[in-house]
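What follows draws every value from the coordinates through simple rules; no lab data is involved. What you see is a predicted model; the values in this text were computed from it and never measured. Here Cβ is always computed from backbone atoms with ideal geometry, including for glycine, and neighbour counts include all displayed protein chains.
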Amino acid sequence: MKLRDLAEIQIGYQHRDSARPASAVTMGTHRIIQIKDLDLEGRFKLEVLDRGGIVPYVWPNGLFRVTPLGDARRYQVDQGSLLFLSRGQRAIAVAIPDPLQETIAAYYFYILRPDKTRILPEYLAWFINQPSAQVYLESNQRGSHIKMVPKPALEQLEVVLPSLTTQRSIV
């Protein structure tokens, strides 16, 4: 099944204002997830696994704050969403297992909102990070300096869709 049939896909927010550390709570209405907030190497792996999360993981402590222009709801990231890092060397997916308040994702992410009646967010992240999906994504990257997976290529990704029970077992 094509990914576009299983999840809504939205590009993240491109902010032009300066970001402030999260401790400056008066300096922005929303927290923003950036590449630096991903734990790709499993630095916090034991703590993440103890809390029921999976690696790679978004580490929500210390997120910068911004005040988005326009309707920020389209860039909202919350429990059950996935972030797909579309730019750079690693085209990976990260499930968001924790509830987040007033949190958006930066423009180099695609925000995936899966149909949870058909596919588990954690399974979808696992599937995208598997070698077969990575080969497809790598072959569809564009750009000479900074590689990027275009949204139409991500939408066309063929996803193997076992039953929800099997998905839970895999996760």
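Observations
- Percentage, to the nearest whole number, of Cα pairs in region 73-171 over 22 Å apart: 29
- Residues residue 171 and residue 14, FRET efficiency given R0 of 35 Å [Cβ-Cβ distance, rounded to 0.05]: 0.65
- Put simply, when 125-131, 66-72, 105-111 are sorted by average Cβ atoms within 10 angstrom per residue, most first, you get 105-111, 125-131, 66-72.
- For residue 100, neighbours were defined as the other residues whose beta-carbon sits under 10 Å from its Cβ, and their charges (Lys and Arg +1, Asp and Glu -1) total -2.
- Cα→Cβ-extended label distance, 7 Å offset, between residue 35 and residue 163, nm: 4.2
- Greater than 26 Å apart at Cα, pairs in 116/151; 116/147; 2/147: 116/147
- Paramagnetic reach from residue 146 in region 59-95 [backbone N under 11 Å; point 7 Å along Cα→Cβ]: 86-89
- Phi to ³J(HN,Hα) by Karplus 6.51 cos²θ - 1.76 cosθ + 1.60 over region 120-132, Hz, x for Gly, Pro: 7, x, 5, 5, 4, 4, 4, 4, 4, 7, 6, x, 5
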